[in-house]
Structures are given as structure tokens and as C-alpha cells.
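Everything below concerns the one structure shown next.
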Amino acid sequence: VIQGTTAPRRLLPPFTEEHEELRQSIRRFVERELAPHAHEWEEARWFPDEVFGKLASVGFLGLKYPEEYGGQGGDYLHDAVFTEELAGCRSGGVAAGIGAHVGIATPPVWKFGTEDQKQRYLVPAIAGEKIAALAITEPDAGSDVAGLKTTAKRVDGGWVVNGSKMFITNGVRADFLVTAVKTTPEGGHQGLSFLLIDKQDGVTASKIEKLGWHASDTALISFDDVFVPDENLLGEVNKGFYLIMANFQWERLLMALGSVAAMQRAFDKTLQYALERTAFGRPIGKFQVLRHKFAEMATTIEGGRDLTYHALRLFVDGEDATREVTMAKLATQRACFELMDTCLQIHGGNGYMREYEIERAARDARLGPIGGGSDEIMKEILGRTMGL
Amino acid sequence: MSATEQVLKPDHGTKRRHFIFTEEHEQLRESIGSFVVKELAPHAEEWEETTFPDWVFQRMGELGFLGLTMPEEYGGQGGDYYCSIILAEEMAKSNCGGCAMGIGVQTDMAMPPINIFGTEEQKQEWMVPAIKGEKILCLGITEPDAGSDVAGIKTRAIRDGDEFVINGSKTFITNGHRADVIVLVTKTDPEAGYDGFSLFLVPMDAPGVIREKKLQKMGMHASDTALLAFQDVRVPASAMLGQEGKGFYNIMWELQGERMVGASGAVASAQRLMERTLQYSLERTAFGRPIGKFQVTRHKFAEMATKIEVARQMVYTTAWRIQNGEYPVREISMAKLYASRIAVEVADECIQIHGGAGYMKEYNVERAWRDLRLNRIGAGTDEIMLEVIGRSYGL
């Protein structure tokens, strides 16, 4: 035995044994409560609201939130584990709907909200009693948030909101919308604010059909003279852009974590298929070309994971990880889609069939290079951090 | 003004330390780096023509850089595995791939097998002076008819009483002309398959060792690359390194370290090249602005930086596994494969951004590309890495 060849594999930092216990319990939940319904929910273009209640009953909606608000008192790493395991639910749409609530719509309330707002929105959200959505993108403005047009006009005791929001995950079912509005129309980035808007008369949501993420509820929402009281202003007036940017780091990290986990699952499943399926007298995985395809995929996953965990470690240590998070998002999203396409190819005709769920994974993965800031925006950010 | 300019406060100037490194590592990095910049880099051009001189070994030996991870009792520094990574990264500042490779063969290819498998006498005879830079090492695996397929090597060592008689040839041997000793892979039992290989420490001045020719290469011009012949070379049985019949497994172990060093060097070289090119793109103007300010060029840099960071994290994560006693062959192969590929891609992109200047010798970009191109071949080709990774999944 050569020295140094016998040590057991260790968990990659920042994760520890403590996280493994949580991982196992989330995995069991996902396998029992979510995965078996994936097909049905994809067909229905919807998953039931009760899913949020079930997740809340086991504490998964508040893993990182303080106990005083009904959370589990954990930290970002617990949410990271949750995100990785959600990839096992077999439906990008289900993961997206849950992720939108836990990962992107409630964190701003936690970070920027008043105590009163936390009691009214964060507490019921953690309890699964209110479903949240984050509403930023509009029909005419996505990547370029300075171009948002939904306005909030100052009136006595509050604001009146008019405009529309597009591609809003959980938009139809949401009880409240964490909404970006223009409070100073000529202010550009400095004219944005956030309002907590309850579902009410004047707020109309309609579903949008998509390439993938079928089980998720994606909405076009319009606001028609919607009154929002002063106490629902989230954070400071005209400081909304800061909120968006702060939120993006975690959202992008979650996307990177989710994609790495999704890639690993697709890889494992396809590997098994390639060892069982025979052609020309041997398992197809034993052909050199396929062996190399698997090696390429495994290398992609390993690189994506190593970079994502590096960004995650910096992020949880409180460092400005903008560069690393941006790179992690960029490096994993297109890679995930390409990897799903390779898995589909290895499955041959079966890959094209719904039953094997690879075509779904490929469709779901296509959103990655678009959502949460497109690949092109990631490159703009990175280029600018280099002074270009 | 764009969104990102207004709000993001880029801190790319600050260097965030990776968790595997301590303050001591940073000091070591600083001291190797400044040595390389001051004493090696200024000679890079000259050494491309002449190959780098032997004094580099002696000087680095004096400074303690040749035995960073070796035990102190043999004159080493007793450092952890990360010190090897740091050396490989800092050597990239020499702008001289051939020099970095010659040193790498000494420190991370030929020396570790002596340290791990060698007897006390062998360590005293070869490792102690090698750490001092007084003796130069090389490693002989590849043959004219067998490279990737190590099991196909034909160099024979036949027992004759208390001696072994060696016949065969080795090629592409870095340091082959200047070396004092070679760690030689031979076949001792042709019937035994993978169990039929043994390693020897063969003095390069032994009768019958013929340094045939200095091989001309595409790049790595500063390194000395030899074709060697062994004709009835007699060595005592005590020259055997490690157990008889274990040579194949021992050399496979050696290759892991070699691949890591190659990957680390590739990442560092790509990083340097990108930084130099970034500088160029901010100075060079076309159509009224620095070329780096064109969106297409900006995105090229974003892509290069991302690839380099992925490769670096693969190397560091794998180094962490090694330091913790794992034998992560799969991850080492992945890091080596990915880092080698992206380094060549980055080098090519940097030539492109330099335009005509990139094609000229003066800017050193074409040389970096020629040097880095070896990484996808040496220490196991890309294709062999893919085989190793694929087979690790039972394929």
C-alpha cells in the first residue's frame, strides 16, 4: 500500500457532518413528498399550495431564519443543503417555486424589513401560511433594471402603484409580492424602491406557458391603481437597487448549487442507464466514446462544484464574493444545459421520451443561462470588475 | 453609466486567501515569487536559445526551494503538500516554461519516489544532494515505442548475480542531458504483466548510458529534453528503488504528483498571461478606445477569468484532499485535464487579443502558447485523463 492512499473521502468544506444529517432528512422528504408527484404536477402545470404547508411543518421554509420568527436558527449553509437536495424532486418547476419563496422573496423581508413587516410577512411565510414572490422583471425591462416602469406615486398615507411585472415565479398563487417600483421616475438606479404588496383588487395575475419549469407558476402581473400603505415600504425610498444587488448574490449562488446538484443527479442516472443498456454486444457505457463523454461530464461537475463551494465559503464568511459568485453562476448554468443535452443523447430515443425525464431536465436547465441575470450580464459584471 | 459601475464596488485588487493557505504559505509564496522574478525571469529570452543553466538548481537549493515538502532530516523544509503547489505556481513567473519544467522534474517527479520508496542509503546518496541542488535528477518512463501505454515499455533489467543488466531506450526525458541520476522504469519480469516492473536509480555516468541527442521541440525551448539509450548498463541490486515488481504501481503514484504540478503551473501561467493581456488591451487603442473596452473583448476576459478560476479551485480542492491523506486519482485527473485545456485556450485567446503583435516573438505570448501546449500531452494526455476518469466510474 502506497503511503497516503487509504484515507476515506472527506466532506468538502464548508460542509460538515452536521449538514449531512440535515441532508438525509431533506432527501427523505423530497423522495417521499415531492418526487413521486413530479409527473402529475408537470402535467397540471402547477403544484399544490399545500406543498408549502408540508415544508413548513418540518421546518424547511425557515432553515436560515432566527427562531424568534419561527425559523430553525440555522444559516445560509442549511439553505444551501436544502437547495442541493431539492434538485432531487425531479421537477425544476417545483424546485423553482419553493426556491423563489425561500431563497429570493423572503430574504429581503428578513434583511431589510421592519419588525412589524417581519411579523406580518416573514413569520407567516416561514409557517407556510403566506406564499411569497419577488417581482422585479417587467415586459420591457429585465437585465436592465434601470429601465423599470412600474411606478409608485406618493399619496396620503402611502403609494399608488401602476404597471406590470413579468416572469414572476409564484406570481399567481402568491399572497404577497416583494415588488420593485419606481419612486423617482427620473432617478435611474437611484429611483427604485421596494413595496410589499398584498394580493388584492387591482392586482391581476395570469399564467404564462414556458419551454420548461412546467410545474412552476409563472405569471404576468398587472397593478391597476393599487394602494400600498406607508408601512409596506421595504427598506429605504430610492435604495431599492441596493436590495436587488444584495439579493442577487444569494440567488445566483443558489442557482449554481442547484445546477451542480442537478448535473450530478443526471450524471448518476445516465451512468446507470449506460451500464444497463446494451448495444453491439456490450453495455453502451463501455464504448470509449461514451466513457469519455462521462469523463467530460464528471470533470464539468467537479469544476462547477469546486468553484461554487469556494464562492459559498466566501459568501458565508461575509466577504464580498461578487466576483466568485458571478463566475460560479456563469460556469454552471450553460454547463448544466449542455450536460443535460449530453445525457439526453446517451439515452438515445428514450432520452427524447417524457418517461425518462431527461428531456424535462434539459428543458428545465435551459432557463439557467437566462434567469437570475443572463450569462451575458454575468460577463459584463466580470469584465467590469477587471476594469474593462 | 451602467448598473454595475454604480453599485458594485469591485474589490478585485484585494487577494482573498483560499482556505487551504496560511500566512506562512503566503510568505513562502512571496519569497519564491520575488526570487523567480528577480533571478530567473530576466534570463528567459536568453535561456530559450541556450537552455537554462545548472546554476539554477544550485541557487534554488541554497534557498531551500528544492526540498520544500521533503523531511528536514534530509535537508528539506518539511512543508506540507501545499508548498509544492505554491512552487509550481510561482515558477510560472519565470516566463520560461522550460525552466519551470526542469525544476519540476527535480522537485515533484523524480524526488518523491526516492523519498517514499528509497532506502536510507539511496536517500543519502541522491536525495540529500538533490535537495541542495548539487545533483540533478531525471525520470525515465516514456520510450520511443511506449508513452501513454506504460505497460508497453520494453527496457529490460535482467538479474545477474548481485547486479542487474539494463538494456533499452527512453525518450522525451527532461533534464536528460544534465542529470546525475535517472529514476528508471524497467521491466524485470515480462511474464508478470503489471507486476513485472521495477524502478532503478541509474547513475547517468554509468558505462553504457548514452545521451543520444537533444530533442528539438515546439516549445519549452529552455528545457533539456533527451533521447537516452541503455546498453548493457550494470547496476548493483541495491540500485533498485522500491520493491521488485511494484514499479508500475509506484510510477502511477508518482504520476499523480506530476499531474498536480502540471495543473498548478498551467493555472498560474494562464493567469499571468491573462493579466498581461489585460494590460495590453487597456493600452492598445483601436477605433477610438482601448480594445479592452469593446464588449466582445470584455466578454473574452470574463470567460477566461472564469475558466481559470474553475481550474484553480479544482487544483486547490484536490490539493486539500491530498494533504488530508486521500489518493484522489479521479480528481487529480480532472484538474490536470481541465487546467491543461483551458491554459491552451487562454493562451490562444491572448494571442488573438494581441492581434499581429501576439504572433510576434517579442510579446512572449506565442511562446506561452507553445509552452503550454505540452500540458495537454505530458504526464498523461488529455485522452488518457479521460480514460482514467471514465474507468473510475466502472466504464
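Computed from the coordinates by the stated procedures, all read-outs in this text should not be read as laboratory data. All values derive from a computational prediction rather than experimental measurement. All Cβ positions, even for glycine, are placed from backbone atoms using ideal geometry, and neighbour counts span all protein chains on display.
Which whole-number value in Å³ per residue fits the convex hull of the alpha carbons of the range A:280-331? If you can, show how the numbers build up before the last one.
Working: hull volume 3.4 nm³, N = 52.
Per-residue hull volume (Cα only) is 64 Å³.
Between A:245, A:89, A:191, whose Cα lies farthest towards the positive end of the dipole of chain A when Lys and Arg beta carbons carry +1 and Asp and Glu beta carbons carry -1, centred on the Cα centre?
A:89
Bins of 10 Å, beginning at zero and ending with the bin holding the largest distance: percent of Cα pairs per bin for the range A:248-366, please.
15, 41, 27, 13, 4, 0
Report the label-to-label distance for residue B:213 and residue A:320 in nanometres (one decimal), using points 7 Å from each Cα along the Cα→Cβ vector.
In this crude label model, residue B:213 to residue A:320 measures out at 5.8 nm.
What FRET efficiency do you get for residue B:55 and residue B:148 if R0 is 51 Å and r is their Cβ-Cβ distance, rounded to the nearest 0.05? Write out the running numbers ahead of the final one.
On the way: r = 35 Å, r/R0 = 0.68.
Using R0 = 51 Å, I get an efficiency of 0.90.
Rounded to a whole number of µm²/s, how large is the Stokes-Einstein D of the range A:84-212 at 37 °C and 0.692 mPa s, given Rh as the Kirkwood radius over C-alpha pairs?
Translational diffusion coefficient: 211 µm²/s.
So if each residue of separation counts as 0.36 nm, and I subtract the Cα-Cα distance between residue B:121 and residue B:167, what length gain in nm does that give? Before the final figure, lay out the partial values.
Details: separation 46, 0.36 × 46 = 16.56 nm, distance 2.47 nm.
Extra length available between residue B:121 and residue B:167 comes to 14.1 nm.
If amide hydrogens are placed 1.01 Å from N in the peptide plane, which non-local residues have theirs closer than 5 Å to the one on residue A:138?
Those qualifying (amide H under 5 Å, at least 5 residues apart or on another chain) are A:166.
To the nearest whole number, what is the average tally of beta carbon atoms from other chains within 10 Å of the beta carbons of peptide A:12-18? It would help to have the intermediate numbers written out before the result.
Working: counts 3, 4, 1, 0, 0, 0, 0.
Counting other chains' Cβ atoms within 10 Å and averaging over A:12-18 gives 1.
Give me Rg over Rh for chain B, both radii from the alpha carbons and Rh done the Kirkwood way, two decimal places. Don't jump to the answer; show the numbers that get you there.
Details: Rg = 21.8 Å, Rh = 21.9 Å.
So for chain B, dividing Rg by the Kirkwood Rh gives 0.99.
Give the angle, between 0 and 90 degrees and rounded to the nearest 10, that separates the Cα long axis of helix A:288-316 from the longest principal axis of the Cα atoms of chain A.
Roughly 40 degrees, rounded to the nearest 10.
Take the Cα pairs of chain A, get the Kirkwood Rh, then feed it into Stokes-Einstein at 4 °C and 1.567 mPa s and tell me D in µm²/s. Spell out each step's value before the answer.
Working: Rh = 21.8 Å.
Approximately 59 µm²/s, per Stokes-Einstein.
Starting from the Cα coordinates of the range B:188-244, work out the convex hull volume and express it per residue in Å³.
It is 135 Å³ per residue.
Take residue A:17 and residue B:283, extend 7 Å from each Cα along the Cα→Cβ direction, and tell me the distance between the two endpoints in nm.
5.6
How much mean residue ellipticity at 222 nm does the protein assembly as shown get from its helices, if each DSSP H run of length 4 or more adds -39500 (n - 2.57) and you divide by all residues, to the nearest 500 deg cm²/dmol?
Helices in the protein assembly as shown give a 222 nm mean residue ellipticity of -14000 deg cm²/dmol.
Can you run phi through the Karplus equation (6.51, -1.76, 1.60; θ = phi - 60°) for the range B:140-157 and list ³J(HN,Hα) in whole Hz, with x for Gly and Pro?
3J(HN,Hα) across the range B:140-157, in whole Hz: x, 10, 5, 10, x, 10, 8, x, 4, 7, 4, 5, x, 5, 10, 4, 9, 10.
Could you tell me the calculated FRET efficiency between residue A:211 and residue B:345, based on Cβ-Cβ distance and R0 = 41 angstrom, to the nearest 0.05?
With R0 = 41 Å, the Cβ-Cβ based efficiency is 0.85.
Go through the range A:360-365 residue by residue and turn each phi into a ³J(HN,Hα) via Karplus (6.51, -1.76, 1.60, θ = phi - 60°); whole Hz please, and just put x for glycine and proline.
With coefficients 6.51, -1.76 and 1.60, one gets 5, 4, 5, 5, 4, 5 Hz.
How high is the FRET efficiency from residue A:236 to residue A:141, r the C-beta distance, R0 30 Å, rounded to 0.05?
Details: r = 22 Å, r/R0 = 0.72.
Computed FRET efficiency for residue A:236 and residue A:141: 0.90.
Check residue B:119: other-chain or 5+ apart residues with amide H under 5 Å from its amide H, H built from backbone geometry?
Amide H neighbours of residue B:119: B:242.
Could you work out, residue by residue across B:295-304, how many beta carbons of other chains sit within 10 Å of that residue's beta carbon, and then give the average as an integer? It would help to have the intermediate numbers written out before the result.
Details: counts 5, 0, 2, 8, 8, 3, 7, 15, 8, 2.
That works out to 6 on average.
Students often get this wrong, so check it: of B:123/B:213; A:54/A:149; A:286/A:329; B:154/B:214; B:187/B:213; A:118/A:239, which have C-alpha atoms separated by over 26 Å? Could you put the intermediate results ahead of the total?
Values: B:123/B:213 29 Å; A:54/A:149 37 Å; A:286/A:329 33 Å; B:154/B:214 22 Å; B:187/B:213 24 Å; A:118/A:239 19 Å.
From the list (B:123/B:213; A:54/A:149; A:286/A:329; B:154/B:214; B:187/B:213; A:118/A:239), the Cα-Cα distance tops 26 Å for B:123/B:213; A:54/A:149; A:286/A:329.
Might you list the cysteines of the protein assembly as shown that have no disulfide-compatible partner by the rule of another cysteine's Cβ under 4.7 Å?
Singleton cysteines: A:89, A:336, A:343, B:83, B:138, B:350.
Once the Cα atoms of helix A:375-385 and of chain A are each reduced to a long axis, what angle between those two axes, in degrees from 0 to 90 to the nearest 10, is obtained?
Taking the Cα atoms of chain A, the angle to A:375-385 is about 80 degrees.
Within the set of other residues whose C-beta is less than 13 Å from the C-beta of residue B:168, count the net charge using Lys and Arg as +1 and Asp and Glu as -1. Walk me through the numbers on the way to the answer.
On the way: positive: B:154, B:156, B:170, B:187; negative: B:143, B:145, B:212, B:232.
Summing Lys and Arg as +1 and Asp and Glu as -1 gives 0.
Distance in nm between label sites at residue A:25 and residue B:191, each 7 Å beyond Cα in the beta-carbon direction?
For residue A:25 paired with residue B:191, the spin-label model returns 6.3 nm.
What does the C-alpha gyration tensor say about the overall shape of the range A:148-287? Classify as rounded when a/c is under 1.5, otherwise prolate if a/b is larger than b/c, or oblate.
Numbers: a/c = 4.12, a/b = 2.60, b/c = 1.58.
Cα axes put the range A:148-287 in the prolate bin.
Let me see the pair-distance distribution of the protein assembly as shown: every alpha carbon pair, 20 Å bin width, integer percents in order.
15, 43, 30, 11, 1, 0
Angle check, please: helix B:382-391 long axis (alpha carbons) against the longest principal axis of chain B (alpha carbons), in degrees 0 to 90, nearest 10.
So the inclination is approximately 70 degrees.
Would you order A:79, B:162, A:175 from fewest to most other beta-carbon atoms within 10 Å of each residue's own beta-carbon?
On the way: A:79 24, B:162 8, A:175 16.
In increasing order of surrounding Cβ atoms, one gets B:162, A:175, A:79.
Can you give the mean number of other chain Cβ atoms that lie within 10 Å of the Cβ atoms in peptide B:316-322?
3
Residues with amide H under 5 Å of residue A:215's amide H, sequence separation 5 or more or different chain, H placed in the peptide plane at 1.01 Å from N; which?
Those qualifying (amide H under 5 Å, at least 5 residues apart or on another chain) are A:93, A:94.
Rg and Dmax of the range B:265-395, Cα atoms, in Å?
Looking at the range B:265-395, its Cα Rg and Dmax stand at 16.8, 57 Å.
What are the ³J(HN,Hα) values, in whole Hz, obtained from phi via the Karplus relation 6.51 cos²θ - 1.76 cosθ + 1.60 with θ = phi - 60°, for each residue of the range A:78-83 in sequence order, with x given for Gly and Pro?
Result, rounded to whole Hz: 5, 5, 5, 4, 4, 5.
For the range A:315-388, what does the convex hull of the Cα positions come to per residue, in cubic angstrom?
Details: hull volume 7.2 nm³, N = 74.
Convex hull volume per residue, Cα atoms: 97 Å³.
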